[in-house]
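Notes for the one structure printed next.
The values are calculated or read from the model by the stated rules, or taken from the named source; none is laboratory data. Since we're looking at a predicted model, the values are computed, not measured. Counting neighbours? That spans all protein chains shown, and the Cβs are built from the backbone with ideal geometry, glycine included. The protein model used for the area step is the full one, side chains on, heavy atoms only, and it has no ligands, DNA or RNA in it. Shrake-Rupley method; radii C 1.70, N 1.55, O 1.52, S 1.80 Å.
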Amino acid sequence: MAIRLVWIFCVLVFGVSGCGDNTGNAQDSSTDQGDDTSGDGDADSDTDTDSDTDSDTDTDTDSDTDSDTDSDTDTDSDTDSDTDSDADSDANSDTDSDDDTDADSDTDTDSDSDSDSDKDADSDTASDSDADSDTDTDGDSDTDTDTDTDSDSDTDADTDDAWVTIRNGGFWNDVDGNRIEAHGGGFLHMGDTWYWVGEDKSHNSGDFKAVNCYSSNDLVNWKFENAIITKSTHADLTAADRIIERPKVIYNDKDDRYIMWLHWEGASYAAAEAGVFYSDSVCGDYTLHKHFRPNSNMSRDDTLFKDHDGNAYFLSAANENADMMVYLLTDDYLDVASQLNKLWPGVSREAPAMFREGDQYFIISSGCTGWNPNQGNYAYSSSLTDTFTPLHNFGDNTTYDTQPTYVIPFEGSNTTTYIYASDRWQDPELVDSKYIWLPIQKNGNTLSINYYDTWQLNTETGQWRAYDEFIPQDDWTLIRVDSEETDDEDGHAINAFDNAASTYWHTGWESGGPHDPLPHEIQIDLGAEWNISELRYLPRMDKDTNGTIEAYEFYASLRSDNWGTPVIKGSFGTERSEQRVAFDTVRARYIRLVALSEVNGGEWTCVAELDLVGTPAK
């Protein structure tokens, strides 16, 4: 009876629509934590102003198709502000705490029960503003089926998985474990695949052996596809003194063919010609079109560039390398249409690499010092027919012991990173030449590079970051070494931790012997205490294997006068690549490496680099 009187009073004061059946409604003003059928864990703070029994099971068909299965924990702050204008005044302020375990800072303004099944771990700022204004006027227990149109189609992948690591200073192998042979190379991006063409130096000579082609989806894992030019390609390639250098490939959309230009040479570099080839597939067998002197000019170190409008250009050093010529190619890219420019007359430049950003063309090049490195330079212009700027320094006075070959424009979803691709020539042992790739840092029209042993590229966003996982060597000092060669070569022990793969510690030796006998050891003070968990040993990176460690012991201690037992011991094997061994984390300030044997059975020990993985001890 009391309830009925209250109900009649309510009707008289508020009207029927304001006095729904309150049976069981005492909890409707609660912070509704679970009527949300979304499964997405969004902390949707729905403030539905329903005044009814609103079981607000918002089965909204939100096309929030977050189907990411990334393993991150999105904290979607879906502030779903469903403006359900239900005439009910139930003040049903459900602050549904959907369980959206995604870490997206999605500021979805939908106030419904978003049925996203996102588990992604990105920090995506999807602004779902689902302004669903379902105007249900029923005064009942509505199960509103708002059809939000938020197309949050969240296809963000976990970018942590997209980071790849570029490791400079050592040999690079293909996915089958064979040395990559593609020097003086050029790069082409078709669809999802990168292609790398370059010179084969495996025969340890400057003379022609082959031009090889490799493919990759991430610029790190390369598959050998084919030797696309060999001596059997054409009789003119069989000459004993034939030299082929710096092959570059572009695609001709009109003719659906791949066109290659390169430096064609003979004895004493007297031919000074350009060679032109074509193929129906990028890594297929190429056919020689011709070799000649463009516009009757000498043609040596070269590059090939295809512009946004489809025009193609060939640049090459002429006049005994004194001048750099720029040529516009014909529509089929098989010949020169005209000579556009002569750059830096009389200055002597070679190894050109060109790229374009916005309305500026940039050319990086080297001086002419044979196989030896020198100061790199760059210049730029808004037109290939106009005067380029004076030359500006690029890198250090040896361009970090490199010579340019190409600039790889890696375009991602967020940015484009321009990669300086270069060769580190090892003359006379060309078979031991390395590839050095570094990210170009650009500030306006100013270019610069820094040297990194390792750095990372995000293959989705295009961003890069310096990445040296190793303990910095700046504070390391030598405590003791039992032997080092300082007379007949630079085998100083400190070369083992100078952050340069091209130098090494080598124990003492005498021509004809005797040599300082094994075991050999080096002791190092790290300068502070570290929690160490991994050792990296890099053998010498030249043509020799003398001194490459096989059996070893590694010690780490807080005292340099008490080494205790080895942290780890074993064999590095006979591979010439870096060797990494992990062990249980140990706190230490001092390390000691003992070489017990050498891969050839000799008495020497040689170390290019010792590195450690760890964190500062607290």
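Lys442 passes all but one of (1) outside any loop (DSSP other than H, G, I, E, B); (2) of a type in the set (D, E, K, R); (3) open to solvent by less than 50 Å² (accessible area, probe 1.4 Å); which number fails?
Of everything listed in (1) outside any loop (DSSP other than H, G, I, E, B); (2) of a type in the set (D, E, K, R); (3) open to solvent by less than 50 Å² (accessible area, probe 1.4 Å), Lys442 misses just condition (3).
Taking the condition touching a residue at least 24 places away in the same chain (Cβ under 8 Å), outside any helix (DSSP H, G or I) and open to solvent by less than 10 Å² (accessible area, probe 1.4 Å), does Lys248 pass?
For Lys248, the condition - touching a residue at least 24 places away in the same chain (Cβ under 8 Å), outside any helix (DSSP H, G or I) and open to solvent by less than 10 Å² (accessible area, probe 1.4 Å) - is met.
Condition check: open to solvent by 40 Å² or more (accessible area, probe 1.4 Å), in contact (Cβ under 8 Å) with a residue 24 or more places away in the chain and of a type in the set (A, V, I, L, M, F, W, C). Does Ala267 satisfy that?
Yes; evaluated as a whole, the condition is true for this residue.
Select, from Glu553, Glu609, Glu578, the only residue that is open to solvent by less than 20 Å² (accessible area, probe 1.4 Å) and touching a strand residue (DSSP E or B) at 6+ places or on another chain (Cβ under 9 Å).
Glu609
Restricting attention to the range 189-204, report how many residues are assigned to a strand (DSSP E or B) and surrounded by fewer than 18 Cβ atoms within 10 Å (Cβ to Cβ).
Selection size over the range 189-204: 3.
Inspect all residues belonging to the range 325-335 and state whether any of them is within 19 Å of Pro247 (Cβ to Cβ), open to solvent by 30 Å² or more (accessible area, probe 1.4 Å) and in contact with a Leu (Cβ under 8 Å, 6 or more places away or on another chain).
yes
Cβ-Cβ below 6 Å, separation at least six or inter-chain, first residue in the range 365-377 and hydrophobic (A, V, I, L, M, F, W, C), second surrounded by 13 or more Cβ atoms within 10 Å (Cβ to Cβ): which pairs?
Pairs found: Cys368/Asn321; Cys368/Ser348; Cys368/Glu350; Trp371/Trp425.
Taking the range 566-583 on its own, how many of its residues are free of Cβ contacts under 8 Å to residues at least 40 places away in the same chain and either among the basic types (Lys, Arg) or closer than 19 Å to Gly614 by Cβ (or both)?
Residues in the range 566-583 being free of Cβ contacts under 8 Å to residues at least 40 places away in the same chain and either among the basic types (Lys, Arg) or closer than 19 Å to Gly614 by Cβ (or both): 4 in total.
Please list, ordered by residue number, the strands (runs of 3 or more DSSP E) wholly in the range 460-547 having 1 or more residues that are open to solvent by less than 40 Å² (accessible area, probe 1.4 Å).
It comes to 477-481, 520-538.
Name the residue, out of Phe314, Phe355, that is of a type in the set (Phe, Trp, Tyr) and more than 25 Å from Gln441 (Cβ to Cβ).
That would be Phe314, the only listed residue that is of a type in the set (Phe, Trp, Tyr) and more than 25 Å from Gln441 (Cβ to Cβ).
For (1) touching a strand residue (DSSP E or B) at 6+ places or on another chain (Cβ under 7 Å); (2) in contact (Cβ under 8 Å) with a residue 24 or more places away in the chain, each residue gets a yes or a no:
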position: Glu273; (1), (2): yes, yes
position: Tyr286; (1), (2): yes, yes
position: Pro294; (1), (2): yes, yes
position: Thr303; (1), (2): yes, yes
position: His308; (1), (2): no, yes
position: Phe314; (1), (2): yes, yes
position: Thr330; (1), (2): yes, no
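Inspect the range 429-439 for any residue being part of a loop (DSSP other than H, G, I, E, B) and within 12 Å of the chain's Cα centre (by Cα) and give the result as yes or no.
No; the residues of the range 429-439 include none that is part of a loop (DSSP other than H, G, I, E, B) and within 12 Å of the chain's Cα centre (by Cα).
Any chance the range 305-323 includes a residue that's more than 34 Å from the chain's Cα centre (by Cα) and open to solvent by 40 Å² or more (accessible area, probe 1.4 Å)?
Looking through the range 305-323, at least one residue is more than 34 Å from the chain's Cα centre (by Cα) and open to solvent by 40 Å² or more (accessible area, probe 1.4 Å).
Here's the yes/no breakdown for (1) free of Cβ contacts under 8 Å to residues at least 60 places away in the same chain; (2) touching a strand residue (DSSP E or B) at 6+ places or on another chain (Cβ under 6 Å); (3) aliphatic (A, V, I, L, M):
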{"residue": "Ser502", "(1), (2), (3)": "no, no, no"}
{"residue": "Glu529", "(1), (2), (3)": "no, yes, no"}
{"residue": "Thr545", "(1), (2), (3)": "yes, no, no"}
{"residue": "Ile549", "(1), (2), (3)": "yes, yes, yes"}
{"residue": "Ser597", "(1), (2), (3)": "no, yes, no"}
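Assess whether Arg559 counts as being more than 26 Å from Gly508 (Cβ to Cβ), at pLDDT 95 or above and touching a Leu at 6+ places or on another chain (Cβ under 6 Å).
no
From (1) touching a residue at least 24 places away in the same chain (Cβ under 8 Å); (2) open to solvent by 60 Å² or more (accessible area, probe 1.4 Å); (3) more than 25 Å from Glu489 (Cα to Cα); (4) of a type in the set (D, E, K, R), pick out the condition that doesn't hold for Asp561.
(1)
Select from the range 205-225 the residues that are open to solvent by 40 Å² or more (accessible area, probe 1.4 Å) and within 30 Å of Gln456 (Cβ to Cβ) and list them in ascending order.
Here is the first cut: in the range 205-225, the ones open to solvent by 40 Å² or more (accessible area, probe 1.4 Å) are 207, 209, 217, 220-221, 223-225.
Answer for the range 205-225, where residues must be open to solvent by 40 Å² or more (accessible area, probe 1.4 Å) and within 30 Å of Gln456 (Cβ to Cβ): Asn217, Val220, Asn221, Lys223, Phe224, Glu225.
Conditions (1) surrounded by 19 or more Cβ atoms within 10 Å (Cβ to Cβ); (2) among the small types (Gly, Ala, Ser); (3) modelled with pLDDT of 95 or more, marked per residue:
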residue: Asn377; (1), (2), (3): yes, no, yes
residue: Ser382; (1), (2), (3): no, yes, yes
residue: Thr385; (1), (2), (3): no, no, yes
residue: Phe394; (1), (2), (3): yes, no, yes
residue: Thr398; (1), (2), (3): no, no, no
residue: Gly412; (1), (2), (3): no, yes, yes
residue: Ser422; (1), (2), (3): yes, yes, yes
residue: Tyr435; (1), (2), (3): yes, no, yes
residue: Leu447; (1), (2), (3): yes, no, yes
